[in-house]
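Quick notes on the structure that follows.
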There are 2 protein chains.
Amino acid sequence: MNIPTIDLPRVVVIGAGFAGLKLARQINSNHYQVVLVDKNNYHTFQPLLYQVASAGLEPDSIAYPIRKILRRKPNTYYRMAEVEGVELNQKLVNTNIGKIKYDYLVIATGAGNNFFGNKTIEENAVPMKSLVEALDLRSKILQNFEIALNTHDLKERERLTNFVIVGAGPTGVELAGALAELKNKILPKDFPDLDLRMMKIHLIEAAPRILSAMNEKSSSKAKTYLKNLGVHIWENTKVEDYIEGTVHTSNEDFYSDNLIWAAGVKGQIPKGIDASNIGRGNRVKVNGYCQLPGDESVFVVGDVALVESEAYPNGHPMMGSVAMQQGAYLAHFFNRKLKNKSVQPFEYNDKGSMATVGKNRAVVETKGFKFQGIFAWFVWMFVHLMLLVGFRNRVVVFVNWMWNYFKYNNGLRLIIRPYYKSKREEKKNKNAA
Amino acid sequence: MNIPTIDLPRVVVIGAGFAGLKLARQINSNHYQVVLVDKNNYHTFQPLLYQVASAGLEPDSIAYPIRKILRRKPNTYYRMAEVEGVELNQKLVNTNIGKIKYDYLVIATGAGNNFFGNKTIEENAVPMKSLVEALDLRSKILQNFEIALNTHDLKERERLTNFVIVGAGPTGVELAGALAELKNKILPKDFPDLDLRMMKIHLIEAAPRILSAMNEKSSSKAKTYLKNLGVHIWENTKVEDYIEGTVHTSNEDFYSDNLIWAAGVKGQIPKGIDASNIGRGNRVKVNGYCQLPGDESVFVVGDVALVESEAYPNGHPMMGSVAMQQGAYLAHFFNRKLKNKSVQPFEYNDKGSMATVGKNRAVVETKGFKFQGIFAWFVWMFVHLMLLVGFRNRVVVFVNWMWNYFKYNNGLRLIIRPYYKSKREEKKNKNAA
């Protein structure tokens with residue numbers, strides 16, 4: 001890799017998600033050379049991916065170019081590259097554009113989909129962890145309605161227009177709500193000659209209740225909201241297999257071409273990390289300073305880090321707020337180090353969580369406060385707007401939301417690149433090219 | 001195809017560009033059944049594609065779902081399908097989702113790239129006629145800068161960062177201006193460690209002057225604007241070949257990975273039209289009523305139609321304003337027909353033409369008026385905003401333009417789907433899937 005050698009310790013950061021980006025922004029790069037590596041040239045605001053998938057927002061407004069974010073930081077270098085592995089004993093990162101030497105390594109590679117080893121599900125379910133996946137899902141949904149119009153076979157229509165969302169965390173709940181609004185308000189006008197009563201939205205959750213990480217009241221309120229929108233909720237239900245268009249669960253079976261995977265995530269660990277350091281959820285076990293045991297030059301932050309503490313014996317929840325705090329913590333660690341000062345171990349400050357189910361409906365939990373309904377919905381919107389990077393993005397998202405609020409119809413239902421079944425094959429071809 | 005049979009004459013329209021869409025919107029569909037067929041579920045505002053390619057606008061704001069446009073029209077059916085051919089003697093259109101019978105057929109299939117038979121150019125140049133092509137070009141440009149950073153080979157850097165735009169009509173001129181602004185204002189901040197002086201933008205034109213369809217004054221003013229922005233203009237220059245990264249022209253040769261084709265278009269005619277009806281520019285020869293000679297049930301409008309008249313012995317220019325007027329004309333024709341009234345042959349009302357070269361710089365020609373500079377630029381913006389379909393799109397485009405005006409930096413420089421050399425192969429794989 002072509003990075004100038006300067007007389008500063010070099011911090012190589014893998015991944016420009018919430019953790020890696022926060023670190024790169026807050027570290028004092030007058031005294032460190034920072035090299036940020038990511039395969040995408042943009043940062044993705046993952047919490048709003050479901051709105052891209054359900055045609056509520058354009059992809060460009062929830063992504064932001066990394067170079068623009070880091071523009072004013074001295075001694076900071078972004079490189080678009082795929083990391084192939086790390087060689088800790090050599091202090092090297094191997095990428096598809098060459099090797100890079102580090103003094104400090106920060107692994108912030110995030111989490112990917114966890115299909116719990118089921119190959120048929122992995123090959124046929126639609127995930128929603130990246131911008132490309134969200135756009136593929138948008139194409140697939142819209143395409144299936146176009147195709148459904150052209151068949152007289154009712155069973156086939158059912159398959160094309162039924163939705164099965166697996167996992168009722170915030171992502172699954174929010175997507176189910178967005179799809180229900182699409183069904184109730186928009187599709188009947190777009191497809192006047194298609195009987196949409198046969199379109200069903202099923203939300204499947206293995207735990208005894210949806211939004212199981214939240215309070216029972218929030219969870220039951222969200223359930224009411226979803227039911228009112230017409231979503232079928234299946235709690236205590238495990239997905240077992242997906243064979244020839246049928247989703248088999250521990251409860252009923254569902255015939256659907258649209259199996260959307262919002263169920264599980266696991267850490268994405270670069271090759272070269274010793275198996276003994278890998279723990280629960282395929283995350284890297286680190287000490288309270290987010291440091292790899294036995295190697296003080298290697299740090300792990302965000303979803304891929306497993307910091308076990310008294311308060312969180314199984315590690316922190318894999319979510320953006322933890323990642324941002326760990327990124328900021330690590331920047332603080334490096335900045336204090338310059339003055340030969342130490343820091344306390346990382347402590348997660350849980351500011352609460354929230355989920356929206358649709359227009360005027362959300363559940364919010366913060367320290368001491370729990371509330372639902374329209375005010376919660378405004379809080380949800382405000383917080384998400386403020387977390388978005390870039391003022392332009394905020395304006396465009398705000399315009400969209402206001403538009404949808406008053407008109408329920410923003411006109412983003414575009415199949416720009418059609419979705420093809422053999423996505424994985426196509427990907428292989430692309431990589432070979 | 002699954003279209004209800006109702007007791008109205010059926011008008012099948014192929015293509016939802018400016019002509020087809022205008023017709024579908026203005027025809028009295030209380031008395032005609034209208035079936036609009038397009039392979040994309042959206043209408044593309046082609047005049048702004050170059051801003052998508054140069055990362056000035058998001059793709060979603062210059063496209064609009066066809067279903068949403070036709071929502072309030074009775075007896076109007078959109079079908080997403082690729083037309084494979086027409087059988088005029090059977091009054092049938094063959095598509096990938098089946099055959100469709102028509103009483104009246106309107107061919108509005110537009111124009112595609114014309115590489116004048118040069119296969120190496122066709123395979124390696126980047127066209128910009130569709131939203132996908134514009135996005136591919138955006139990815140390619142940004143990717144090439146990322147790759148250029150990682151090579152020490154100066155010749156290779158030159159190849160990656162040089163741009164050769166072929167064709168200096170409005171599209172070529174506008175793209176050259178947009179790339180020059182990218183080079184002057186944005187890239188130096190995004191790529192502080194890349195020497196951008198080596199990046200050259202060449203605009204190649206076979207005719208004796210750029211914007212040759214416009215007045216000499218406009219053309220020379222646009223030339224001054226482009227030169228001031230640092231664009232190299234090569235008039236009277238023909239592109240001959242593109243071999244191993246070198247663009248061979250009748251003048252100099254250029255070493256560049258970015259050969260952008262804005263040079264020629266030709267009609268895209270569905271199979272089944274008799275060769276004797278095909279004229280100049282691969283367009284279908286029709287009479288003054290846009291009607292196929294010898295078959296009163298078939299009409300051709302827009303870029304693909306060749307209406308020879310005294311004023312336009314070689315047919316009308318292939319541009320949006322002609323297409324819109326022909327679409328409106330044909331709707332009028334059908335609507336008058338209901339009352340057994342006839343219409344006069346089509347006459348093009350030339351309202352003028354315009355091109356922008358960059359911030360505060362444009363040239364405009366209307367009946368009687370010719371002006372340049374900042375006022376022309378405002379007129380250009382206003383006209384384009386008003387022509388965009390959808391109020392939301394206008395707001396988002398306006399926000400982007402204002403943003404760029406004051407900050408020169410909207411942060412849309414995303415490589416969402418990387419560009420791969422073997423695009424055509426990939427496409428083949430997709431089609432096979």
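The values are calculated or read from the model by the stated rules, or taken from the named source; none is laboratory data. Note that this is a predicted model, so its numbers are computed, not measured. FYI the Cβ positions are ideal-geometry reconstructions off the backbone, even for glycines, and counts take in every protein chain you see.
Residues in the range A:96-124 that are assigned to a loop (DSSP other than H, G, I, E, B), out of contact with any Asp or Glu (no Cβ under 7 Å at 6 or more places or on another chain) and on the phi > 0 side of the Ramachandran plot: A:116, A:117. Evaluating residue A:107 against the criteria (1) more than 18 Å from residue A:11 (Cβ to Cβ); (2) within 22 Å of the chain's Cα centre (by Cα); (3) β-branched (Val, Ile, Thr) leaves one unmet condition, (1). Across the range A:374-433, the qualifying residues are those that are modelled with pLDDT of 90 or more and within 7 Å of another protein chain (Cβ to nearest Cβ), and the one among them that is nearest to residue B:68 (Cα to Cα) is A:413.
Taken over the range B:367-380, the criterion of being touching a residue at least 12 places away in the same chain (Cβ under 8 Å) and either in a loop (DSSP other than H, G, I, E, B) or β-branched (Val, Ile, Thr) (or both) is satisfied by B:367, B:373, B:374, B:379.
Of all residues in the range B:125-160, exactly one satisfies the criterion of being of a type in the set (Val, Ile, Thr), in contact with an Asp or Glu (Cβ under 9 Å, 6 or more places away or on another chain) and free of Cβ contacts under 8 Å to residues at least 60 places away in the same chain, namely B:147. Residue-level analysis places residue B:199 outside the set of residues that are buried (at least 22 other Cβ atoms within 10 Å of the Cβ), more than 30 Å from residue B:420 (Cβ to Cβ) and more than 14 Å from chain A (Cβ to nearest Cβ). State yes or no: is residue B:175 of a type outside the set (Phe, Trp, Tyr), part of a helix (DSSP H, G or I), surrounded by 22 or more Cβ atoms within 10 Å (Cβ to Cβ) and at pLDDT 95 or above? Criteria met by residue B:175.
Does the range B:316-337 include one or more residues that are more than 19 Å from residue B:22 (Cα to Cα) and in a loop (DSSP other than H, G, I, E, B)? Among the residues of the range B:316-337, not one is more than 19 Å from residue B:22 (Cα to Cα) and in a loop (DSSP other than H, G, I, E, B), which makes the answer no. Looking at the structure I just gave you, is residue B:44 at pLDDT 95 or above, under 19 Å from residue B:260 (Cβ atoms) and within 14 Å of chain A (Cβ to nearest Cβ)? Yes, satisfied. A Cβ distance below 8 Å, combined with a sequence gap of six or more or placement on separate chains, defines the contacts here; from the range A:178-195, residues that are more than 13 Å from chain B (Cβ to nearest Cβ) reach residues that are surrounded by fewer than 20 Cβ atoms within 10 Å (Cβ to Cβ) in the pairs A:180/A:230; A:181/A:359; A:181/A:408; A:183/A:196; A:183/A:230; A:184/A:230.
Within the range B:381-424, being buried (at least 19 other Cβ atoms within 10 Å of the Cβ), at positive phi and touching a residue at least 40 places away in the same chain (Cβ under 8 Å) holds for one residue alone: B:390. Residues that are modelled with pLDDT under 95 and touching a helix residue (DSSP H, G or I) at 6+ places or on another chain (Cβ under 7 Å) within the range A:88-133 comprise A:115, A:123, A:126, A:127, A:128, listed in sequence order. Would you call residue A:364 in contact with a helix residue (DSSP H, G or I) (Cβ under 9 Å, 6 or more places away or on another chain) and either away from chain B (no Cβ under 11 Å) or modelled with pLDDT of 90 or more (or both)? It is true that residue A:364 is in contact with a helix residue (DSSP H, G or I) (Cβ under 9 Å, 6 or more places away or on another chain) and either away from chain B (no Cβ under 11 Å) or modelled with pLDDT of 90 or more (or both).
Sub-8 Å Cβ pairs linking a first residue in the range B:352-366 that is closer than 14 Å to residue B:217 by Cβ to a second residue that is in a loop (DSSP other than H, G, I, E, B) and among the aliphatic types (A, V, I, L, M), at least 6 apart or interchain, are B:353/B:213; B:353/B:214; B:353/B:319; B:355/B:211; B:355/B:214; B:363/B:211; B:363/B:214; B:365/B:214, ordered by first then second residue.
Against the conditions (1) more than 14 Å from chain A (Cβ to nearest Cβ); (2) crowded, with 21+ Cβ neighbours inside 10 Å; (3) farther than 30 Å from residue B:183 by Cα, residue B:92 satisfies every one except (2).
Filter the range B:271-293 down to residues that are buried (at least 18 other Cβ atoms within 10 Å of the Cβ) and assigned to a loop (DSSP other than H, G, I, E, B), then give me how many there are. Total meeting the criteria: 2. Scanning the range B:255-267 turns up no residue that is touching a residue at least 12 places away in the same chain (Cβ under 8 Å) and over 27 Å from residue B:118 (Cβ atoms). Of the residues contained in the range A:19-31, none is found to be surrounded by 24 or more Cβ atoms within 10 Å (Cβ to Cβ), part of a loop (DSSP other than H, G, I, E, B) and of a type outside the set (A, V, I, L, M, F, W, C).
From the list A:142, A:160, the one residue that fits, being of a type in the set (A, V, I, L, M), modelled with pLDDT of 95 or more and touching a Pro at 6+ places or on another chain (Cβ under 9 Å), is A:142.
For the range B:294-319, a residue qualifies if it is surrounded by fewer than 17 Cβ atoms within 10 Å (Cβ to Cβ) and touching a helix residue (DSSP H, G or I) at 6+ places or on another chain (Cβ under 7 Å), and exactly one does: B:314.
Residues are listed down the side, and each one gets a yes or a no for (1) assigned to a helix (DSSP H, G or I); (2) touching a helix residue (DSSP H, G or I) at 6+ places or on another chain (Cβ under 7 Å):
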residue: B:217; (1), (2): yes, no
residue: B:226; (1), (2): yes, yes
residue: B:241; (1), (2): no, yes
residue: B:254; (1), (2): no, no
residue: B:259; (1), (2): no, yes
residue: B:269; (1), (2): no, yes
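Would you please name the residue that is nearest to residue A:284 (Cα to Cα), looking only at residues in the range A:311-339 that are out of contact with any Ser or Thr (no Cβ under 9 Å at 6 or more places or on another chain) and among the aromatic types (Phe, Trp, Tyr)? Looking at residues that are out of contact with any Ser or Thr (no Cβ under 9 Å at 6 or more places or on another chain) and among the aromatic types (Phe, Trp, Tyr), I get A:312.
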